[in-house]
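The values are calculated or read from the model by the stated rules, or taken from the named source; none is laboratory data. Model, not experiment: these values are computed from the prediction. Cβ atoms come from the backbone with ideal geometry, glycine included; neighbour counts cover every protein chain shown. For the accessible areas, the whole protein counts, side chains as well, though only heavy atoms, and no ligand, DNA or RNA atoms are used. Shrake-Rupley method; radii C 1.70, N 1.55, O 1.52, S 1.80 Å.
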Amino acid sequence: MARLAQTAGLTDVQTEILSAVKTFVDKEIIPYATELEHKDEFPEAIVEGMKEMGLFGLTIGEEYGGLGESLLTYALVVEQIARGWMSISGVINTHFIVAYMITQHGTDEQKQRLLPKMATGETRGAFSMSEPECGSDVAAIKSRATKEGDEYVLNGQKMWLTNGARAGVVATLVKDELGGDSVYKNMTTFLIEKEPGFGETRPGLTIPGKIDKMGYKGVETTEMVLDGVRLTADAILGGEPGRGRGFYQMMDGVEVGRVNVAARACGISIRAFELAVQYAQQRKTFGKQIADHQAIAFKLAEMATKVEAAHLMMVNAARLKDAGERNDVEAGMAKYLASEYCAEVTQESFRIHGGYGYSKEYEIERLMREAPFLLIGEGTSEIQKTIISRGLLREYKLSQ
């Protein structure tokens with residue numbers, strides 16, 4: 001058993017799940033990831049294997065056909081999957097966020113209708129908040145729901161949907177016209193059900209095509225155009241529009257997403273360290289393996305320390321959320337530290353590989369293109385610092 005990124009206090013069930021996932025990653029993901037990534041090919045066989053293992057229903061309640069596991073279990077599973085190939089974790093990340101939001105905020109009818117199919121992976125989830133002219137500035141979204149009789153008509157353009165084509169349900173944040181006293185109280189989250197695929201996948205809803213990316217390939221990232229999409233009130237998450245519910249429902253999902261991104265960063269960091277420590281013992285210069293040169297040995301020590309620190313912060317943030325406590329600061333800290341350390345650890349591994357690290361034959365080349373995504377996904381480092389500082393000032397506010 002590797003020394004790094006171990007988690008104390010796990011149950012026997014958690015340990016068994018993680019052992020099975022690690023074996024799956026080592027046998028079914030790592031040997032095929034680089035070839036699939038270079039082809040930008042969706043990993044159908046790997047996804048089918050995850051379905052069989054029940055990973056799509058990992059955190060969905062047993063009453064809906066899932067395994068009913070915690071956010072911590074899910075984060076540790078994501079860490080292992082991202083260690084194999086980050087794109088695979090993308091296949092289940094937004095799916096999990098949407099399932100979490102339905103579990104926490106959905107009506108009984110929404111839970112009964114959607115969660116059983118999501119647990120098997122038959123229906124996949126996507127998460128849609130960002131738009132072409134705004135990223136982290138959620139207040140600036142322009143997509144809108146207008147009430148017409150018993151229906152809501154949605155218009156606008158959404159951006160950066162992971163699983164946008166293959167998803168069957170998209171949790172979508174839009175502005176409403178209910179007269180709230182702040183912009184955040186004029187937002188509603190709709191559960192838009194659609195057919196998987198590209199083009200018009202329900203009347204008025206179009207998924208134009210894949211966005212070509214530097215990394216994070218295999219899993220599709222798309223736009224979504226809403227042009228007169230008609231929905232009834234039963235498509236509103238929780239069944240009731242406005243009054244701030246939509247925004248806060250999405251923010252609850254984003255906190256979970258930040259733990260997930262931290263876990264993905266930890267997974268890439270672990271793999272980058274594994275590749276570096278292996279290569280450093282194989283490559284020889286000046287008559288000895290490069291691991292025996294102090295310059296390389298010190299790099300390995302620094303990399304391992306960053307892996308361990310990021311893992312511990314991610315675990316802490318997950319456990320806080322599982323305990324029902326507010327974890328916005330801790331999730332922000334975990335996401336910020338883990339993503340920054342991931343970029344640093346991956347680059348150090350790249351440097352240890354020397355010229356070979358620049359070759360597409362070596363796995364580290366792929367990691368070098370994947371790590372930067374985590375610096376911006378679920379909010380940039382600057383956004384995390386804003387969240388962290390606001391939380392700290394709230395806690396340490398001077399009494400007047």
Considering each of GLU240, GLU255 in turn, give the residue that is surrounded by fewer than 18 Cβ atoms within 10 Å (Cβ to Cβ) and charged (D, E, K, R). GLU240
Scan the stretch 215-237 for residues that are open to solvent by 80 Å² or more (accessible area, probe 1.4 Å) and under 22 Å from TYR184 (Cα atoms) and report the count. 1
Restricting the stretch 283-341 to residues that are in a loop (DSSP other than H, G, I, E, B) and open to solvent by less than 50 Å² (accessible area, probe 1.4 Å), the one modelled with the highest pLDDT turns out to be HIS293
The correct count of residues that are buried (at least 16 other Cβ atoms within 10 Å of the Cβ) and of a type outside the set (S, T, N, Q) in the stretch 11-29 is 8
Of the residues that make up the stretch 342-350, is at least one outside any loop (DSSP other than H, G, I, E, B), open to solvent by 20 Å² or more (accessible area, probe 1.4 Å) and small (Gly, Ala, Ser)? yes
Is it the case, given these coordinates, that TYR64 is aromatic (Phe, Trp, Tyr) and over 29 Å from ARG369 (Cα atoms)? yes
Yes/no for ASP212 being more than 24 Å from the chain's Cα centre (by Cα) and either hydroxyl-bearing (Ser, Thr, Tyr) or open to solvent by 20 Å² or more (accessible area, probe 1.4 Å) (or both): no
Go through ILE236, ILE290, ILE296, ILE270 for me and flag whichever is closer than 26 Å to LYS360 by Cβ, β-branched (Val, Ile, Thr) and within 27 Å of the chain's Cα centre (by Cα). ILE270
Pick out the one residue from SER389, SER381 that is surrounded by fewer than 22 Cβ atoms within 10 Å (Cβ to Cβ), free of Cβ contacts under 8 Å to residues at least 24 places away in the same chain and not acidic (Asp, Glu). SER389
Output for the stretch 60-108, where each listed residue is of a type in the set (Ser, Thr, Tyr), open to solvent by 10 Å² or more (accessible area, probe 1.4 Å) and more than 13 Å from the chain's Cα centre (by Cα): TYR64, SER70, THR103, THR107
Sort out which residues of the stretch 30-59 are basic (Lys, Arg) and either under 21 Å from the mean Cα position of the chain (by Cα) or open to solvent by less than 70 Å² (accessible area, probe 1.4 Å) (or both), and write them in order of number. LYS51
If you go through the stretch 215-233, how many residues are more than 26 Å from the chain's Cα centre (by Cα) and among the charged types (D, E, K, R)? 2
Is it fair to say VAL345 is more than 16 Å from the chain's Cα centre (by Cα) and aliphatic (A, V, I, L, M)? yes
Report every pair of residues separated by at least 6 positions or lying on different chains whose Cβ atoms are under 7 Å apart, first residue within the stretch 7-21 and under 19 Å from LEU312 (Cα atoms), second at pLDDT 95 or above and hydrophobic (A, V, I, L, M, F, W, C). THR7/LEU76; THR7/VAL315; LEU18/LEU76; LEU18/VAL77
Are there any pairs with C-beta distances below 6 angstrom linking a residue in the stretch 55-81 that is touching a residue at least 12 places away in the same chain (Cβ under 8 Å) to a residue that is part of a helix (DSSP H, G or I) and among the aromatic types (Phe, Trp, Tyr), with the two at least 6 apart or on different chains, and if so which? LEU58/TYR74; THR59/TYR74
